[in-house]
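The values are calculated or read from the model by the stated rules, or taken from the named source; none is laboratory data. Just so you know, these numbers come straight off a predicted model, no measurement behind them. Here the Cβ positions follow ideal geometry from the backbone for every residue, glycine too, while neighbour counts run over all protein chains shown.
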């Protein structure tokens with residue numbers, strides 16, 4: 001299609017050149033000058049068509065697959081389950097891993113958004129029979145994410161569903177661990193973030209912030225999470 005348009009534009013430019021000399025009442029001084037002007041017109045027209053066509057083609061390019069890995073912070077409210085885990089505070093720190101498929105330029109399908117964070121606890125009385133004890137909380141979420149892609153950055157927002165898992169983990173020594181308490185609960189997630197493109201296949205996620213209401217013992221508790229890290233992009237496609 002681009003070649004047909006370029007040939008048509010070149011033919012029009014050449015015809016306009018011939019009409020100019022005819023209406024001016026004289027022809028070029030020699031055939032060489034005529035060929036030179038026609039060649040310049042053709043090249044200029046072709047270059048202009050290529051530049052115009054290249055802009056929308058680049059704007060429509062997007063990766064089919066993306067993977068994210070980075071640091072995660074969560075503010076967790078255990079509500080009625082606090083008595084089981086005896087947390088020392090609501091601040092938890094860990095990692096966040098995301099893998100998504102992009103069927104369209106402006107839609108991501110999060111196949112898995114898995115984050116795990118660790119926090120302190122006073123659940124083990126002194127003297128504690130374990131080497132150490134801590135609270136681990138994790139979120140496994142799935143669902144759509146809507147994006148606005150630009151050349152330098154991508155803005156996104158999401159509505160997800162999944163589960164949270166909270167564990168009271170004891171270190172027994174020798175690399176062995178045991179779950180003293182484990183609870184799994186329904187969770188939702190609403191939020192968004194900003195990716196800044198660094199290279200064609202790498203972006204920096206400046207932030208992703210989510211509000212995560214969690215169903216605990218017939219009540220909804222408020223959890224919050226923030227993550228930052230690196231996005232890797234694969235299998236670029238161009239949407240025509």
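Structure data summary
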| read-out | value |
| --- | --- |
| Residue within the range 115-125 that is in a strand (DSSP E or B), at pLDDT below 95 and farther than 21 Å from residue 186 by Cα present | yes |
| Any hit, the range 152-169, residues being modelled with pLDDT under 95, in a strand (DSSP E or B) and out of contact with any strand residue (DSSP E or B) (no Cβ under 6 Å at 6 or more places or on another chain) | no |
| Test result for residue 186, at pLDDT below 95 and either in contact with a strand residue (DSSP E or B) (Cβ under 7 Å, 6 or more places away or on another chain) or outside the structural domain of residue 228 (by TED's automatic domain parsing) (or both) | no |
| Residue 106 out of contact with any strand residue (DSSP E or B) (no Cβ under 6 Å at 6 or more places or on another chain), in contact (Cβ under 8 Å) with a residue 24 or more places away in the chain and farther than 17 Å from residue 227 by Cα | no |
